[in-house]
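The values are calculated or read from the model by the stated rules, or taken from the named source; none is laboratory data. The shown structure was predicted, so the numbers you read here are calculated from the model rather than taken from an experiment. For neighbour counting, all protein chains shown are included, and Cβ atoms are generated from backbone atoms with ideal geometry for every residue, glycine included.
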């Protein structure tokens, strides 16, 4: 307990103590390498969902008043949601189903790379040589609908089936923007006159659920013969390391 | 200070509206006025991944009728009299504009010349026993087809020979190659349905 009180005193002293740091900077433009972990509130019907997604985070902080800053960040991800492995929820690839995949008509569109934008407010604190900025903001994650479809021919009959898997914002049907809240803490340390080393810890909670849908359809009349559907809320947790110019 | 707030407002504006986009449609090139001149029906076996022409017998569950529509395409505008129009080409219609003939009613009848089942005696329409698919002919048929009819209800009698007929009725007001109220028809070759 004493240890925690001491730490608290040190923290308060650090935050309130005068520092040699320049407190009147206009703001910062920064770029960071982002390591994002994707989590959902419940089990989604995905066989191999992506959980780790690296990316690049670009941030712009503008000083509004005293130590209050407005921030805007753009995060572009290198990974994709990789739904390709999710096929076969209906056993369509099992030999006993007697279905032949027609490769020429297969469409895999799992290349969509989600990017997100965040906008909000932060307050800068000073802790010896370090600066800390807790931030609160709104988050928009652009999933870009990820879907895959495949055409199957039943051997011995004229039956054709479309199998379609989609991963998207629930109820949006093509408009896959997730809105959420962002909690973030950025710590910075000066490394040269204009450049700062930044470490960020970011958590996003999406209010819009994401949905995983699978449909087994008749090719001719588009009737849905079998369907799977699960939805969940997306959390992302990321650690970022980068440099900022002030 | 005010400048900073202005920057922030501009960013906010971008943040809110960056997702909005204009989905502009492709330019549609009208094919002109399409006149149906004749039709042809072909029997296919679609048990594999390709269409095979049926010689004599086929499993009814794999039976597909192929339709070829021979058409004349005239230059627009379609309000001109037939004599004044310029003939662009005579060809088999591709699937892209198969739903529109200027000289026929929009509906057609697929008729069985043999008793199909208790609900479909010889001479009756079996449109409800088939599903039309223009995309199937485009994706799978080796020969040039306008559309296909895939059998979805099967006759109750095995080892029976069937022929089917397609009938388009010519409209009175447009008829360059046919008389008003005439029909444009084709009959398929006899085919025996054999259940494996």
Which one of these does residue B:138 not meet: (1) at pLDDT below 90; (2) within 18 Å of residue B:39 (Cα to Cα); (3) buried (at least 20 other Cβ atoms within 10 Å of the Cβ)?
-> (3)
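Do you know which residues across the stretch A:178-190 are within 14 Å of chain B (Cβ to nearest Cβ) and either free of Cβ contacts under 8 Å to residues at least 60 places away in the same chain or over 18 Å from residue A:143 (Cβ atoms) (or both)?
We begin by selecting, within the stretch A:178-190, every residue within 14 Å of chain B (Cβ to nearest Cβ); these are A:178-180, A:182.
Of everything in the stretch A:178-190, those that are within 14 Å of chain B (Cβ to nearest Cβ) and either free of Cβ contacts under 8 Å to residues at least 60 places away in the same chain or over 18 Å from residue A:143 (Cβ atoms) (or both) turn out to be A:178, A:179, A:180.
Please count how many residues of the stretch A:169-195 are over 13 Å from the mean Cα position of the chain (by Cα) and buried (at least 20 other Cβ atoms within 10 Å of the Cβ). Give the derivation first.
Kept after step one, since they are over 13 Å from the mean Cα position of the chain (by Cα), are these residues of the stretch A:169-195: A:170-175, A:183-195.
If we keep only those that are buried (at least 20 other Cβ atoms within 10 Å of the Cβ) too, we end up with A:184, A:186, A:188.
Matching residues across the stretch A:169-195 total 3.
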Those residues of the stretch B:139-155 which are within 11 Å of another protein chain (Cβ to nearest Cβ) and under 14 Å from residue B:44 (Cβ atoms) amount to B:139, B:140, B:148, B:149, B:150, B:151
Only one of (1) crowded, with 20+ Cβ neighbours inside 10 Å; (2) within 14 Å of another protein chain (Cβ to nearest Cβ) fails for residue B:52. Which number is that?
-> (1)
More than 28 Å from residue B:132 (Cα to Cα), in contact with a strand residue (DSSP E or B) (Cβ under 9 Å, 6 or more places away or on another chain) and within 14 Å of another protein chain (Cβ to nearest Cβ) - does that describe any residue in the stretch A:191-210?
-> yes
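Scan the stretch A:211-242 for residues that are within 14 Å of chain B (Cβ to nearest Cβ) and either crowded, with 16+ Cβ neighbours inside 10 Å or over 30 Å from residue A:92 (Cβ atoms) (or both) and report the count. Please lay out each step first, then the result.
Step one: of the stretch A:211-242, the residues within 14 Å of chain B (Cβ to nearest Cβ) are A:217-223, A:225.
Add one more test, that the residue is either crowded, with 16+ Cβ neighbours inside 10 Å or over 30 Å from residue A:92 (Cβ atoms) (or both), and what stays is A:217, A:219-220.
Within the stretch A:211-242, residues that are within 14 Å of chain B (Cβ to nearest Cβ) and either crowded, with 16+ Cβ neighbours inside 10 Å or over 30 Å from residue A:92 (Cβ atoms) (or both) number 3.
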